[in-house]
Amino acid sequence: MNQDKLRIATRKGLFTAGRQADGWRLDPPAFLGDNVSAVMRHPVSGALYAALDHGHFGVKLQRSRDDGATWEEIPVPAYPSPAEDAEPWVDIMGRTIPDSLQLIWCLEPGHPDQGERLWAGTVPGGLFRSDDGGDSWQLVESLWNDPSRKKWFGGGMDYPGIHSILVHPDRPGDITIAISCGGIWHSADDGATWESIGQGLEAPYTPPEHAFDPVIQDVHRLARCLGEPDRMWLQHHAGIYRSDDAGRNWRRIQPVSPGDFGFPVVVDPSNANRAWFVPEIKDEHRIPPDGQVAVNRTDDGGASFTTYREGLPGPLAYDLVFRHALDRGRDHGAIAMGSTTGGLWLSEDDGASWQTLSAHLPPVYAVRFDSTH
Amino acid sequence: MATVHFTANLRRHVQCPSTEAPGATVAEVLDNVFAQFPFLRGYVVDEHGALRKHMVIFVNGIAVADRRGLGDPVPESGSEIFVMQALSGG
């Protein structure tokens with residue numbers, strides 16, 4: 001049985017593509033008509049998880065232990081009731097941030113030594129942990145109760161959210177997360193305590209005295225090289241950054257042609273100098289430069305970038321690739337990319353050329369290869 | 001004893017047949033229904049027990065006033081409770 005599978009979370013269902021003898025084939029969806037915000041196959045248990053956003057009916061989680069043949073609803077993370085005398089959390093835009101689950105934005109497995117451990121990053125900014133495969137969830141209260149959380153605010157969404165959760169490959173309790181907009185946070189003790197990190201990140205759209213505050217940075221996506229875990233790459237609202245000390249200090253990479261705005265970033269697990277980005281025109285446009293969908297790759301740590309367009313649509317293409325909609329399979333190195341316009345592309349030559357798996361999917365929120373480790 | 005009805009839109013996602021349940025308030029009646037169908041609770045109310053933003057509950061044709069605590073009284077016999085949602089989206 002072939003194990004190479006790609007999961008595609010879309011506005012109207014969860015699709016799966018599998019590698020067949022004659023190439024990748026897209027199968028009919030699960031949860032047809034429903035909004036799937038995140039998907040993950042747990043590398044230890046093999047269970048599939050799909051986060052659904054039913055709108056009026058709230059956020060739900062589904063789990064399959066038979067590769068998607070059947071699904072069961074499981075509990076969702078729940079926020080604690082605020083104290084009676086608690087002041088409402090009003091962000092700098094004047095918006096009252098709710099104390100209730102709005103979205104499951106990302107799901108990540110714990111370290112392989114931690115069994116069925118799961119992490120969930122949510123909107124409005126709660127990090128949740130499950131040690132029983134999703135049967136129960138605990139809010140990481142040390143982060144939620146940090147006073148500087150009150151400085152977080154929503155970026156593209158009304159409320160702040162955790163979109164990136166990186167577990168150190170060699171140290172199970174070493175976790176780094178990224179928040180839009182709340183910067184980067186690190187825990188060395190499995191979530192018991194947290195430290196805001198990220199010196200050098202700049203939010204040039206804020207007043208000068210706030211621009212370098214690590215706690216307000218709009219990180220779009222954070223990625224780490226598994227083979228060289230101190231090397232991280234970051235797509236920020238204002239540019240592309242690189243860190244050589246596990247996210248403590250950052251250096252902006254410039255120049256980047258045809259642009260350094262975008263959402264996703266993926267790093268080669270065995271080559272810290274190689275990373276992929278999807279250039280878009282900043283930031284009020286959010287469309288590909290020249291109407292041509294492209295992928296940018298650096299092979300030299302950011303000193304230069306090569307722009308690849310073969311097999312991708314344009315000109316007159318206006319696909320936007322969201323932060324979770326670019327992924328590289330750990331087991332085989334194929335790269336997948338999905339767009340808001342329903343395009344789904346796959347590359348088996350490190351992003352140099354792309355084949356179209358579909359041009360007609362619902363808007364794609366996330367693509368994710370199954371991984372066995 | 002009240003009879004609680006749910007919409008077809010909700011039945012698509014979670015088990016929720018029309019159900020008879022006792023209770024002096026909407027919250028009490030619903031708690032008794034949710035005891036039979038545990039996952040149903042999260043579709044109607046949030047984690048703090050407040051009615052979800054785009055949901056509405058009618059007791060004998062009158063929309064509930066207490067959306068946070070669902071403390072509206074339920075007449076003792078023959079009450080009909082309808083749980084429904086706004087029809088919107090895309």
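The values are calculated or read from the model by the stated rules, or taken from the named source; none is laboratory data. Given the structure is predicted, the values throughout are model-derived calculations rather than measurements. FYI the Cβ positions are ideal-geometry reconstructions off the backbone, even for glycines, and counts take in every protein chain you see. All accessible areas refer to the heavy atoms of the entire protein, side chains included, with ligands and DNA or RNA removed. Shrake-Rupley method; radii C 1.70, N 1.55, O 1.52, S 1.80 Å.
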The ³J(HN,Hα) series, computed from each phi in region A:172-178 with the Karplus coefficients 6.51, -1.76 and 1.60 at θ = phi - 60°, rounded to the nearest Hz and given as x for glycine or proline, is x, x, 9, 10, 10, 10, 10
Can you give the % of DSSP beta bridges in region B:2-85 that are antiparallel, to the nearest 5? 70
Say a paramagnetic label sat at a point 7 Å from the Cα of A:Asp244, along Cα to Cβ; which residues of region A:175-218 have their backbone N under 17 Å from it? A:199-201
Give the ranking of A:His237, A:His163 by solvent-accessible surface, highest area first, calculated with a 1.4 Å probe. A:His237, A:His163
Not counting ligands, DNA or RNA, and with a 1.4 Å probe, what is A:Phe212's accessible surface area in Å² rounded to the nearest 10? 110
GNM, chain A, Cα, under 10 Å: largest mean-square fluctuation among A:Pro172, A:Pro88, A:Pro43? A:Pro88
Report the accessible area of A:Arg251, computed with a 1.4 Å probe over the heavy atoms of all protein chains in place, in Å² rounded to the nearest 10. 130
Per residue of A:51-60, what is the mean number of Cβ atoms on other protein chains within 10 angstrom of that residue's Cβ? 6
All-pairs alpha carbon distance profile, chain A, 10 Å steps from 0, percent: 5, 25, 36, 26, 7, 1, 0
Out of region A:56-94, which trypsin sites (Lys or Arg not before Pro) are coil in DSSP terms and have no more than 16 other C-beta atoms within 10 Å? A:Arg65
For chain A, which span is the longest to avoid every loop-located (per DSSP) member of GluC sites (Glu not before Pro) having at most 13 other Cβ atoms inside 10 Å? A:85-208
Where does chain A land at 222 nm, in deg cm²/dmol rounded to the nearest 500, when only DSSP H runs of n ≥ 4 count, each adding -39500 (n - 2.57), divided by all residues? 0 deg cm²/dmol
Could you quote the convex hull projected area for region B:2-85, Cα atoms only and averaged over all directions, in nm²? 4.7
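Please report the antiparallel percentage of the DSSP beta bridges confined to chain A, to the nearest 5.
Around 95 percent antiparallel, to the nearest 5.
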Starting from the Kirkwood Rh over alpha-carbon pairs, what translational D in µm² s⁻¹ does region A:65-134 have by Stokes-Einstein at 25 °C and 0.890 mPa s? 170
In nm, give the distance between the simple-model label positions of A:Thr96 and B:Asn9, each being 7 Å from the Cα along the Cα-to-Cβ direction. 2.4
Would you look at the GNM of chain A, springs on alpha carbons closer than 10 Å, and say which of A:Pro207, A:Pro109, A:Pro160 moves the most? A:Pro207
Using a 1.4 Å probe and counting only protein heavy atoms, arrange B:Arg41, B:Arg11 so the residue with the most accessible area comes first. B:Arg11, B:Arg41
Taking the Cα centre as origin and putting +1 on Lys and Arg beta-carbons and -1 on Asp and Glu beta-carbons, what dipole magnitude results for region B:2-85, to the nearest 20 debye? 420
Most mobile of A:Ser81, A:Ser270, A:Ser358 per a Gaussian network model of chain A (Cα springs, under 10 Å)? A:Ser81
